[in-house]
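See below for the structure under consideration.
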Amino acid sequence: MAKIVVALGGNAILSTDASASAQMQAVRNTAHELINFIKNGDQLIITHGNGPQVGNLLLQQMNSDSKSNPAMPLDTCGAMTQGSIGYWFENALNEELAENGIKRSVISIVTQTIVDETDPAFKSPSKPIGPFYTKEEADQMKSAHSDWELVEDSGRGYRRVVPSPKPLIINEYEAIQKVVEAGIIPIVSGGGGIPVVKQGNKLIGKEAVIDKDFSASKIAQLVNADQLIILTSVGGVFYNFGKPDQKEVKDVTASELQEHIDSHEFAAGSMLPKVQAAVDFVNETGNSAVIGALEDVAKIIQGSEGTKITAK
Ligand SMILES: Nc1ncnc2c1ncn2[C@@H]1O[C@H](COP(=O)(O)OP(=O)(O)O)[C@@H](O)[C@H]1O
Ligand SMILES: NC(=O)OP(=O)(O)O
């Protein structure tokens, strides 16, 4: 039995339809894949992104600017998405467990991630959130909201970007460890965790969105996970991605992957955080990490799919 942290990307929650019912269905499909780990006897710690959801929620806040119904700040929106996505996952996993006759408890934990107030990321927004815009729409949004920054996101359109400081510590990791020891499946650090800074005994929320891949790596290190598995929409890591000579990487050492990171092989905002998070986990623990597709879970468990990153 292995203790595995599984990080779930956008496609695990949202396809093209952002309605609650469509996202719940996507999460049910994801739970149907994740049950393979439980059947395999693995202990799961689940974490997930919130980029599309927190961006959409922020847009909804723009219609709530009255004194009696004020807009919520980004850290609170992050907490709200942990709640909604955690609720969807709890129910989807419970349904899947029941269908397979497995008695296990699932709990979603509101999780805060401590960041450094002086992290330069606060001055340089980089995390894409919310919907994709065409160039024309992006220009319109920029003129309507002078404080917004928008960037082109991996050839998929333009998106708003917000600061994304690096996680230092997952505030609730000791409680999460106890939950795991009790055999409960926790859903943690949703959206990378609510970004907070420590001031004396207080945790103060910051307007940012942490990359869930970096938080997944951090929580995996803190709970001594045997493996970190990052599930996304592509079967593995490619060198020369999108070019005629692109090549899927099957087995790779952390040091070889780091060389490719250093030579700017990977796209910021999409594959770069995944490979860096995986390399960090492998370097810190000596254990392995896998980056692969959500629909390949059964084959990833067998070791026939995904990019496996090892220490040696
Ligand atoms: N070198 C690469 N290898 C594989 N996929 C890449 C690479 N560079 C960019 N990508 C893109 O990154 C996407 C995964 O990133 P993203 O969609 O941001 O992840 P998430 O699943 O966490 O939301 C893939 O679907 C693929 O289109
Ligand atoms: N917070 C975060 O990394 O979200 P996505 O994975 O959805 O971008």
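The values are calculated or read from the model by the stated rules, or taken from the named source; none is laboratory data. Predicted model only: the values in this text are computed from it and were never measured. Glycine also receives a Cβ, built like all others from the backbone with ideal geometry; neighbour counts cover every protein chain displayed. Ligands, DNA and RNA are stripped out before the accessible areas are found, and what is left, the full protein with its side chains, is counted by its heavy atoms. Shrake-Rupley method; radii C 1.70, N 1.55, O 1.52, S 1.80 Å.
Tell me whether region 232-250 contains one or more residues that are out of contact with any Pro (no Cβ under 6 Å at 6 or more places or on another chain), open to solvent by less than 10 Å² (accessible area, probe 1.4 Å), touching a residue at least 40 places away in the same chain (Cβ under 8 Å) and more than 11 Å from ligand 1 (Cβ to nearest atom). So far as region 232-250 goes, no, none of its residues is out of contact with any Pro (no Cβ under 6 Å at 6 or more places or on another chain), open to solvent by less than 10 Å² (accessible area, probe 1.4 Å), touching a residue at least 40 places away in the same chain (Cβ under 8 Å) and more than 11 Å from ligand 1 (Cβ to nearest atom). Of everything listed in (1) over 27 Å from PHE281 (Cβ atoms); (2) part of a strand (DSSP E or B), the single unmet condition for TYR87 is (2). Checked against the criterion of being under 21 Å from SER189 (Cβ atoms), open to solvent by less than 60 Å² (accessible area, probe 1.4 Å) and more than 16 Å from the chain's Cα centre (by Cα), the candidates ALA92, ALA79, ALA71, ALA138 yield just one match: ALA92.
Residue by residue, here is whether (1) within 16 Å of ligand 2 (Cβ to nearest atom); (2) within 24 Å of LEU34 (Cα to Cα) holds:
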| position | (1), (2) |
| --- | --- |
| ALA216 | yes, yes |
| GLU248 | no, yes |
| GLU256 | no, no |
| ALA267 | yes, no |
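Evaluated against (1) out of contact with any Lys or Arg (no Cβ under 8 Å at 6 or more places or on another chain); (2) among the charged types (D, E, K, R); (3) over 30 Å from THR76 (Cβ atoms); (4) more than 13 Å from ligand 1 (Cβ to nearest atom), GLU207 falls short on exactly one condition, (3).
More than 23 Å from LEU44 (Cα to Cα) and in contact with a Ser or Thr (Cβ under 7 Å, 6 or more places away or on another chain): which single residue out of ALA144, ALA121 fits that description? Selected residue: ALA121, the only one of ALA144, ALA121 that is more than 23 Å from LEU44 (Cα to Cα) and in contact with a Ser or Thr (Cβ under 7 Å, 6 or more places away or on another chain). Specify the residue that is least open to solvent (accessible area, probe 1.4 Å); the eligible residues are those in region 151-174 that are more than 16 Å from ligand 1 (Cβ to nearest atom) and within 19 Å of GLU207 (Cβ to Cβ). So the residue we want is PRO165. The residues on offer are HIS264, HIS260, and the sole one that is more than 7 Å from ligand 1 (Cβ to nearest atom), open to solvent by 10 Å² or more (accessible area, probe 1.4 Å) and at positive phi is HIS264.
If the condition is being open to solvent by less than 10 Å² (accessible area, probe 1.4 Å) and within 16 Å of ligand 1 (Cβ to nearest atom), then region 24-48 contributes VAL27, THR30, LEU34, ILE46, THR47, HIS48.
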